[in-house]
Ligand SMILES: [Cu+2]
């Protein structure tokens, strides 16, 4: 009984983790006008508001935002548009 439950739990865990891991991507955006701590927060919040975004790291010295997101729910264009709409024109960099 316990082994069956453990097995079922393992299957459920694998089923939950695999599709998420397969869809998760990271992209670095070049973001203009990011000069201070407030810009950093504003840009991060704007991008985090896009459905599917898991994490945003803004670097005000490099003027970049590195975004971890689910590519089945959000596109790079949507991420860049969110920052652009907040007053920080953004585009993907390699
Ligand atoms: Cu600022």
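With an 8 Å cut-off on Cα pairs and a minimum separation of 6 or more residues, tell me the relative contact order of the stretch 24-93 in percent. All intermediate terms of the calculation are to be shown ahead of the outcome.
Numbers: 137 pairs, mean separation 30.6, N = 70.
Across the stretch 24-93, relative contact order equals 44 percent.
Once the chain from residue 61 to residue 84 is taken as fully extended at 0.36 nm per residue, the excess over their C-alpha distance is 6.5 nm.
Read-outs: derived from the displayed coordinates by stated rules, not from any lab. These figures come from a predicted structure and were not determined experimentally.
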